[in-house]
Amino acid sequence: MPERKGRFEWVNPLSRVALIATLVLLAAALAMGIAQLTAVIVGGAYWTDAALWAWALGILLVLALTAWIFIAYGFVRTAVSGETGLTTLNDQIGRLETLLADQANTIRQVADLLTLSEQAKTLLYHDREVEAIREMIHQMLVRQDYNAAEQLICSVEQRPAYAQEAVKLREEVASTQRASMDERIDLAIQRVEEIIAKHDWARAGREAARLRQAFPTNNKVAALPAQIDAARARHKRDLLQTYGEAVRKNDVDASIDLLKELDGYLTPQEAAALQDSARGVFRAKLHNLGIQFAIRVTESQWAEAIAVGEEIIQGYPNSRMAHEVRAKMDQLRVNANKPANSQ
């Protein structure tokens, strides 16, 4: 991300103009003093010792002022550079805090997964496994390796949760075998377009690369990378437009969801341009959570207050509100565990 300018960066050009103007004035004063001395000497006039000393002190004062002006200019530049550096450091610390919060959330998710049973894990990752199996089958169809595809389907079919998916895959293999070469290419391109519609750009790129290797001279296949790039650019543009509308409508939750989705699309320059807007959105979200927390506590809805408090602590761990909420969580849990008739 490019380095941000500090709030007082405007002082640099102003101090430069002031330095030049002051030096011009001092140079003019020095020139006038030298011209006066020259006129006196040429005219043969007589200077008293006091006048001579006054002139010499004036010249020394001009030279001393010149030196101090350069020193002051150096102090100004140093101060502005330090403020700019602190601003950049603050941004970097903010991004580091966000990254650490994301990592903490990931660690919590991993810990939760470790406590799940094997059956629960199978159900959780079922869709991902199905997509991976489909991708392997499509790769075999591109190579026209129907025996390998059938063997994979047979192994999948043995698992009860995948029996229905095996039927669909077997029908797809049979349809591909019956099709002509052009029809096979069209079917493969159609599969890539279906992946594009799901916005799975990495997988679409892999499928397109495999097709390009299998059919290097086909124009439709050759056009797939450009088609994927264009679709990705359109989706990115739509996300930015939808985000702008959500911000204008003050729809904080939708804005945050869109920011998370946009994270994988933005260049560093684009991310820097959205930085101020994103900060406003997250501040608004924190403000809303704070109001919800206060309402739940006031109405003695301890379980709901704890849930909102945990969201504040996890989402904004270094905020002042998170520190205040964290200090109240133990008492909230005590209140939540009390019998209803004792509260």
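Bear in mind these aren't lab numbers, they're just calculated from the coordinates by the rules spelled out. Bear in mind that the values here come from a model prediction, so they are computed numbers and not experimental data. Positions of Cβ are generated from backbone atoms using ideal geometry, with glycine treated the same way; all protein chains shown enter the neighbour counts.
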Pairwise FRET efficiency - K249 versus L187, Cβ, R0 = 30 Å, nearest 0.05: 0.10
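How large, in Å, is the range 122-222 by the Kirkwood hydrodynamic radius built from its alpha-carbon pairs?
It works out to 14.1 Å.
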If R0 is 30 Å, what FRET efficiency do you get for E310 and A197 from their C-beta distance, rounded to 0.05? 0.25
Under a plain spin-label model, where a point goes 7 Å from the Cα along Cα-to-Cβ, how far apart in nm are A230 and I71? 6.8 nm
Might you report the magnitude of the Cβ-based charge dipole of the range 122-222 about its Cα centre, with Lys and Arg at +1 and Asp and Glu at -1, to the nearest 20 debye? 240 debye
Hz values of 3J(HN,Hα) by residue in the range 256-272 - Karplus curve (6.51, -1.76, 1.60), Gly and Pro given as x: 5, 4, 5, 4, 5, 6, 6, 4, x, 10, 7, 6, x, 5, 5, 4, 5
For the pair A64/A294, report the inter-label distance in nm, with labels modelled 7 Å from Cα in the Cβ direction. 5.9 nm
By the C-alpha gyration tensor axes a ≥ b ≥ c (rounded if a/c is under 1.5, else prolate when a/b exceeds b/c, else oblate), the shape of the range 157-199 is oblate
Contour minus Cα-Cα distance for A174 and A273 (0.36 nm per residue): 30.5 nm
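Extension gain K338-S155, at 0.36 nm per residue separation less the Cα-Cα distance, in nm? Mind dumping the intermediate values first?
Numbers: separation 183, 0.36 × 183 = 65.88 nm, distance 5.36 nm.
Fully extending the segment from K338 to S155 adds 60.5 nm.
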Is there a pair in K260/K328; K198/K220; K168/K220; K260/K285 whose C-alpha atoms are over 24 Å apart, and which pairs would that be? K260/K328; K168/K220
Where does each of 321-333, 264-276 land if you order them by average Cβ count within 10 Å, highest first? 321-333, 264-276
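Taking 51 Å as R0, compute the FRET efficiency from the Cβ-Cβ separation of A222 and N318 and round it to 0.05. Show your work: numbers first, answer last.
Details: r = 50 Å, r/R0 = 0.99.
Once rounded, the FRET efficiency stands at 0.50.
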Pairwise label distance in nanometres, A163 with Q213, each label 7 Å out on the Cα-Cβ vector: 3.6 nm
Answer with one residue from P216, V173, A148: the one whose Cα lies farthest towards the positive end of the charge dipole of the range 122-222, charges on Cβ with Lys, Arg +1 and Asp, Glu -1. P216
